[in-house]
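In what follows, a structure is listed as structure tokens, so that the remarks can point back to it.
The values are calculated or read from the model by the stated rules, or taken from the named source; none is laboratory data. Model, not experiment: these values are computed from the prediction. Counting neighbours? That spans all protein chains shown, and the Cβs are built from the backbone with ideal geometry, glycine included. These area figures cover heavy atoms from the full protein model, side chains too; ligands, DNA and RNA do not enter into them. Shrake-Rupley method; radii C 1.70, N 1.55, O 1.52, S 1.80 Å.
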Amino acid sequence: MSSQEWPLHGGQPAPLLTRFGLADDMPLLDASANLNPLGPPAWLPGWLAARLQGGAEALARYPDPDYRDARAAIAAEDGVAPEGVLLTNGGAEAITLAAALHAREHPGTPVAIVEPTFAEYARACAAHGLPVIHLGLEPPDFRFDPEAMVDALGEARLIFLCRPNNPTGTLVSRARVERLLELTAERGCRVVVDEAFIDFVGGDGGQAANEALTPLLSRFEHLILLRSLTKRFTLPGLRLGYLLAARETVCDAGACQPAWSVNGLAAALVAPLLADREFAERTEAWLVTERPRLQTGLAALGLEVMPSRANFFLVRHPGGREATRRLLPALLRRGVLVRHTESFMGLDGGWLRLALGDAASNKRLLSALAGALEAGEGAP
Ligand SMILES: Cc1ncc(COP(=O)(O)O)c(C=O)c1O
């Protein structure tokens with residue numbers, strides 16, 4: 001099977017159901033897209049409905065092109081200046097803007113991507129005519145060594161690093177990112193850290209705060225942080241993200257962005273979403289309980305599980321790549337969709353990525369896995 005035929009993202013059951021000869025309307029538990037199972041917040045449909053009633057004024061107005069309210073809310077939460085925030089149409093647009101900015105400053109020069117990771121970095125580079133240097137980290141621990149990375153940078157003037165990383169769930173420590181920033185400053189190479197999953201690092205009694213990169217923004221002008229609100233608040237259909245950087249970088253990245261790129265309803269949602277402390281607390285409580293429980297459950301089934309600081313786990317069958325590959329259709333037949341790894345560099349289908357769901361979904365995932373393993377469908 002060619003990797004081109006596999007869907008590039010989670011949450012796309014149709015091509016997989018077709019590939020494995022299953023009915024396209026089969027009800028599925030989706031453990032392939034990594035979203036907060038507690039969201040969207042319960043008040044959100046009412047909030048949207050109120051704005052769509054009586055003349056739908058919210059739809060008949062252009063949004064503020066500078067998104068001042070949304071940026072102020074993000075700046076307050078992250079402890080940065082509003083001028084250091086660019087609101088984007090999901091984390092995906094923030095990735096594209098980082099590539100666009102690089103293409104404007106250094107057309108045609110290479111970009112380094114720390115692999116295996118999210119496919120959109122390479123796609124954004126291709127769209128902007130930027131060659132890519134893939135810096136592969138090796139299983140079983142995918143250890144990131146800043147010195148080795150910088151030695152392999154070649155002519156690259158931009159590096160994409162995902163933290164915690166999709167699909168491995170590993171979190172490069174702040175100390176290592178700091179070292180990378182010191183080394184790249186000397187070479188004039190920007191560092192883009194995609195923190196789309198940073199809101200799921202918690203579940204550790206507040207330790208995660210010590211690992212925050214936002215304080216580094218004022219020390220390193222070549223650092224760009226990318227964030228997604230889509231995943232944290234379960235809004236993949238509405239889309240919200242942002243970019244944090246030095247003022248000038250935000251200005252230059254903003255110049256690459258289409259006007260009014262974020263719709264007015266999504267932009268107006270930023271402040272109330274960030275103000276919802278109750279949702280944040282429930283998310284934290286879910287992580288504390290469910291992440292270790294699912295990890296233990298997966299290991300008890302005999303699977304090799306990557307320890308994860310995100311809301312997903314990378315797993316593989318001890319029988320190897322083909323045994324792991326066979327688990328995907330076996331789970332699909334049992335009504336559970338998981339994420340293949342055919343398109344992740346160096347993983348080549350030898351692992352599966354499983355999203356952390358609520359208690360009931362995790363139980364269902366474990367039971368489908370147990371069934372598939374017992375039936376020998378993942379056996380070598
Ligand atoms: C690492 C990473 N960054 C960014 C995104 C895009 O996020 P959004 O849906 O907010 O555009 C994704 C989506 O899967 C992702 O995995």
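Below, the figures for the structure above:
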{"item": "The stretch 249-277 - residue that is polar (S, T, N, Q) and surrounded by 19 or more Cβ atoms within 10 Å (Cβ to Cβ) and, of those, nearest to the ligand (Cβ to nearest atom)", "result": "S261"}
{"item": "Condition met for G335 (at pLDDT 95 or above and at positive phi)", "result": "yes"}
{"item": "Single residue of the stretch 335-380 satisfying the filter (touching a strand residue (DSSP E or B) at 6+ places or on another chain (Cβ under 6 Å) and among the basic types (K, R)) that is surrounded by the most Cβ atoms within 10 Å (Cβ to Cβ)", "result": "R339"}
{"item": "For V305: the one exception among (1) in contact with a Phe, Trp or Tyr (Cβ under 8 Å, 6 or more places away or on another chain); (2) surrounded by 23 or more Cβ atoms within 10 Å (Cβ to Cβ); (3) free of Cβ contacts under 8 Å to residues at least 60 places away in the same chain", "result": "(2)"}
{"item": "Number of the condition not met by A152 [criteria: (1) within 15 Å of the ligand (Cβ to nearest atom); (2) among the hydrophobic types (A, V, I, L, M, F, W, C); (3) open to solvent by 10 Å² or more (accessible area, probe 1.4 Å)]", "result": "(1)"}
{"item": "Qualifying residue in the stretch 146-162 (condition: in contact (Cβ under 8 Å) with a residue 60 or more places away in the chain and either β-branched (V, I, T) or under 30 Å from L238 (Cβ atoms) (or both))", "result": "yes"}
{"item": "Pairs where the first residue, in the stretch 229-251, is in contact (Cβ under 8 Å) with a residue 60 or more places away in the chain and the second is among the aromatic types (F, W, Y), C-beta under 8 Å, 6+ apart", "result": "K231/F197; K231/F200; R232/F200; F233/F279; L240/F233"}
{"item": "Output for the stretch 310-345, where each listed residue is within 24 Å of the chain's Cα centre (by Cα) and of a type in the set (D, E)", "result": "E342"}
{"item": "The listed residue being more than 23 Å from G357 (Cβ to Cβ) and open to solvent by 50 Å² or more (accessible area, probe 1.4 Å), out of A14, A50", "result": "A50"}
{"item": "Meets criteria (part of a loop (DSSP other than H, G, I, E, B), within 16 Å of the ligand (Cβ to nearest atom), open to solvent by less than 40 Å² (accessible area, probe 1.4 Å) and farther than 22 Å from D199 by Cα) for P63", "result": "no"}
{"item": "Residue that is surrounded by the fewest Cβ atoms within 10 Å (Cβ to Cβ) [pool: residues in the stretch 111-125 that are in contact with a helix residue (DSSP H, G or I) (Cβ under 8 Å, 6 or more places away or on another chain) and assigned to a helix (DSSP H, G or I)]", "result": "E120"}
{"item": "Matching residues in the stretch 88-107 - criterion: being out of contact with any Gly (no Cβ under 8 Å at 6 or more places or on another chain) and either outside any helix (DSSP H, G or I) or away from the ligand (no atom under 15 Å from the Cβ) (or both)", "result": "A100, L101, H102, R104, E105, H106"}
{"item": "Failed condition for N89, given (1) within 30 Å of L8 (Cα to Cα); (2) surrounded by fewer than 16 Cβ atoms within 10 Å (Cβ to Cβ)", "result": "(2)"}
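This table checks each residue for (1) free of Cβ contacts under 8 Å to residues at least 60 places away in the same chain; (2) surrounded by 15 or more Cβ atoms within 10 Å (Cβ to Cβ); (3) assigned to a helix (DSSP H, G or I).
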{"residue": "F279", "(1), (2), (3)": "no, yes, yes"}
{"residue": "V288", "(1), (2), (3)": "no, no, yes"}
{"residue": "R309", "(1), (2), (3)": "no, yes, no"}
{"residue": "T324", "(1), (2), (3)": "yes, yes, yes"}
{"residue": "P329", "(1), (2), (3)": "no, yes, yes"}
